[in-house]
Every structure is written in C-alpha cells, then in structure tokens.
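What follows is one structure encoded as structure tokens, with my remarks underneath.
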Amino acid sequence: MIKIGIVGVRGFSVVDAISAMPGEAQITAMCDLDQEGLDRAKEKIGLTDSQCYRIYEDMLEQADIDAVVISTPMQCHVPQAILALQAGKHVMCEVTAAVSMDELWWLIENVEKSGKIYMYAENYCYMPELQLVRQMVKQGYFGEIYYGEGEYIHDCTDLRLWKGKTGWRTYWQMGTRGSFYPTHSLGPVMQCFDDDRIVSVTSFGPGNHNPYGLRNDDLTQTLCQLESGKLVKIRVDTISPRPHNMTYYQIQGTKGCYEAPRGLGDVAKIAIATDEDPTGFQNWRPLSDFNHLLPERYRSGEGDNAGHGGGDYYIVADFIEAIKTGVQPELNVYKAAEWTSVALLSQLSITNQGKTMEVPNFRRDMPWEEKRIKL
Ligand SMILES: NC(=O)c1ccc[n+]([C@@H]2O[C@H](COP(=O)([O-])OP(=O)(O)OC[C@H]3O[C@@H](n4cnc5c(N)ncnc54)[C@H](O)[C@@H]3O)[C@@H](O)[C@H]2O)c1
C-alpha cells in the first residue's frame, strides 16, 4: 500500500482516482496553508486532525507517507519537490515543473541523486481522445507525422485574484511574458513524435491590450523546431475574451490528419488515405469511428469516475505502478524539463523580438556543453 500526502487542495483530483484503486494506495496526509481548504480536504478524504498540516515541512517530517502529490502554485513546485526527494519521498508534480531554467537542473539533479520516482502530472496526455489519436499515430494511420499544433485557450483573467486579493497567477502566470503554460498543448502533441526532442523555441505575441495591467501578451504563438526538423506550434491564450478551448490539437502526417473540435457542434475528426480510399485525406470523418483502438484499460472503463474523461485515474495508476516497479514513468523529469523549458525560453524569445532560442539537451547524462542555454 503506497501512502500519499497531498500539498495544495487541487490535489483533490487524485482523491477519486485513489479511492477507485483500493489496496493499492491511500491518502494519509494533506497540507495546505489555507485552513478553509484544509478543512474541506479533511472532510472529503476523511482524515484526522493529526493527518492535516499547514506547514509542508511538518508533513514531510511527521506524516506516514511514501509519496507526495504537489498541487501548489507553480513557483512552489521545485522547492517542494526537492524537499520531498531529499526526505526520501516519491513525487508527482502539477504543471508546469518549474519557473526558472536553473530550477529545472536542480530538479533533475535531485531526482537522479535520490533514486526516487518523479512523475510530471501532465494529465492532458491521458485524455481518452488524445490516447486514441496516439494509438492511431503508432499504428501508422496518418503516415509519418511532420507537424502538430496545440492550443490552450482559457480566459483566466478572473483567476488573477484569489479570495479577492492578488493571487499568484497575476505574476507567475499572466504577469510573465511568453507561453508560460505550454505543456497541456505540447505534451499530447509531442507524444505523437516518438522520442523526438525540441531543439529550438521562437515566440511572438500581438502585444498587450487587456485592461488589468497583466504583462503577458494577450496570447503567445510559439514555434518549436524538433531535432528531426519537424515542427510544432502552440498557442497559449489566457487573456483573450473568447470561449474556452483548452484541448484544441492538430496532427498532420503524410497520409492524413487529425483535428480537435473548434466549437458549435464540431466533433473530433480525421481525414486519412487508406488502401480502399486513397484520396480519403480529402474528407473528414469522426474520430469516434476508431474508438475500438483506444487502449484496453480505457475501454474497460475502470477509471471512468475520475476527472478529465478518466485521465486523472490512469495518471495516478501509472505513478503507483512506477513506485511499485522502481521504473521512472514515461512522463519523467527529463520530459518535464524539456516541455517546461519551452515556457521559460519562450519568455526570452518574445522579449528579444522573436529571437530563436536553442533548447538545452535535458536527456540523461548529457555533457555540460549540451546543457547550457546558447543565446
Ligand atoms: N493539470 C491541470 O489540469 C491543472 C489545472 C489547474 C491548475 N493546475 C496546476 O495546479 C497547481 C495549483 O493550481 P490551483 O488552481 O489549484 O491554484 P490555487 O491558487 O487555487 O490553489 C493553490 C493552493 O495551494 C495552497 N498553497 C500555496 N502555497 C502553499 C504552501 N507553500 N504550502 C501549502 N499550501 C500552499 C493555497 O493555499 C491554495 O489552497 C498549479 O501549479 C497549476 O498550474 C493544473
């Protein structure tokens, strides 16, 4: 039985998943600076007073836990992850992984040194529709993939305040220039490019027209060049006044493409050439025609009650599996670093008139020269 402590009440998203896997894992501690949030957690999870903490360091020292789920604001992620790893705990951490390039290296060094599991909680990679597209990519339905797009459109301007006061998002998200929150868009797209690596980032924005004094451009478009020469484009837009669409994606290959819905009754769709229909790439058909290709565990419905279409269940299941087997998960610290660095380098790019920034090589055991940011 893996015993888990959660810091930050957003970590509730793992509660339903864990209750659906009795005998595997249990939440044995909760921490939040905010007493109201802590009280809600205590009731929802059914914890005792002694299992609830306001101070994170106290939870690490006193609670009976093997692992920590970090669901606090982004600027807390690396300091809290390092403390947990140094205390001998496994870590699953919310997005994004870090708020500076140096933090990414500190994180990697601490994961390697501790030998503990680090899982990047990029839950969008686990959404059923994107899992299905990934299966179709693997099975060659789109041919060779050479282009992908992801958009996170979510007007978060109301979230700049927290309980009526200036919240962390005012500075660490919408107060920061560039694609500060890229991995919901990037993660599922990058999973269609096997193990290809992002080697450069170039970002542009239309300037700043919001009435709130937020420093982020109203949206940021970022081009990521991959080592293979292929291309990924992402749009992070948390300010524009328009309907939400946090899961817009496109994948283009030599035999056809996938496009997520845009709204107003649109559905997820594909257009592909097949042996029977060589010009099939000219006509849309619903992605759901291929539902039978969903990974078996999604079809079995075991995670259906958890959030994000069951995705929140499978991400926790993979974290537990990684702890049990001692093998780092697919969404490991290196992926977390590479994808998060797009945010940090995007900031440098956009503040230097769209200069192309090289991405350091975050893969394991790279020589020092490969790890430097080259301006
Ligand atoms: N994966 C997703 O779909 C998704 C969605 C929303 C948010 N997030 C991420 O989840 C994290 C939390 O976002 P949120 O919307 O819940 O933020 P929030 O501001 O609503 O909540 C943050 C909580 O953390 C607590 N907290 C802050 N500092 C703390 C500390 N040092 N020790 C203990 N508790 C502390 C606060 O009291 C608050 O309850 C962020 O990293 C965000 O990027 C991910």
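Of the residues Ala97, His209, Trp284, the one whose Cα sits farthest towards the positive end of the charge dipole of the chain is His209 (charges of +1 on Lys and Arg Cβ, -1 on Asp and Glu Cβ, taken about the Cα centre).
Where does helix 35-45 land angle-wise versus the long Cα axis of the chain, in degrees 0 to 90, nearest 10? The answer is roughly 80 degrees. How fast does the stretch 200-274 diffuse by Stokes-Einstein, in µm²/s, taking the Kirkwood radius from C-alpha pairs at 37 °C and 0.692 mPa s? For these conditions, the coefficient is 223 µm²/s.
Taking 7 Å steps out from each Cα toward its Cβ at Asn352 and Trp106 produces label points 2.3 nm apart. The helix-based estimate of mean residue ellipticity at 222 nm for the chain, built from -39,500 (n - 2.57) per DSSP H run of four or more residues and divided by its residue count, is -9000 deg cm²/dmol to the nearest 500. Considering only alpha-carbon pairs that sit under 8 angstrom and 6 or more positions apart, the relative contact order computed for the chain is 19 percent. Applying 0.36 nm per residue to the separation of Lys230 and Arg242 and subtracting their alpha-carbon distance, the gain on full extension is 1.3 nm. Relative to the longest principal axis of the Cα atoms of the chain, the long axis of helix 101-114 makes an angle of roughly 60 degrees.
Helix 77-86 and the longest principal axis of the C-alpha atoms of the chain enclose an angle of approximately 60°. Shown in residue order for the stretch 117-131 are the 3J(HN,Hα) couplings computed by the Karplus curve 6.51 cos²θ - 1.76 cosθ + 1.60 at θ = phi - 60°: 6, 10, 10, 8, 7, 7, 5, 5, 5, 9, 5, x, 4, 6, 5 Hz (x for Gly and Pro).
The charge dipole of the chain, taken about the Cα centre with unit charges on the Cβ atoms of Lys, Arg (+1) and Asp, Glu (-1), comes to about 780 debye, rounded to the nearest 20. The alpha carbon centroids of the stretch 114-141 and the stretch 1-46 are separated by 24 Å.
Taking the Cβ of each residue in Ser100, Ser114, Ser240 as the centre, tally the other Cβ atoms inside 10 Å and list the residues starting with the fewest. Walk me through the intermediate numbers first.
Working: Ser100 12, Ser114 19, Ser240 15.
Starting with the residue having the fewest Cβ neighbours, the order is Ser100, Ser240, Ser114.
Pairs of Cα atoms in the chain fall into 10 Å distance bins, from 0 up to the last occupied one, in shares of 5, 23, 32, 27, 11, 2, 0 percent. The Cα center of the stretch 234-302 and the Cα center of the stretch 61-85 differ in position by 36 Å. Near Ala273, once Lys and Arg are set to +1 and Asp and Glu to -1 for all other residues with Cβ below 13 Å from its Cβ, the sum equals -2.
If you take all other residues with their beta carbon under 11 Å from the beta carbon of Ala306, and give Lys and Arg +1 and Asp and Glu -1, the sum is -4.
Rule-based calculations on the coordinates, nothing more; no lab input. Owing to the predicted nature of the structure, the values given are computational and were not obtained by experimental measurement. Quick reminder, even Gly has a Cβ in these numbers, built from the backbone with ideal geometry, and neighbours come from all protein chains shown.
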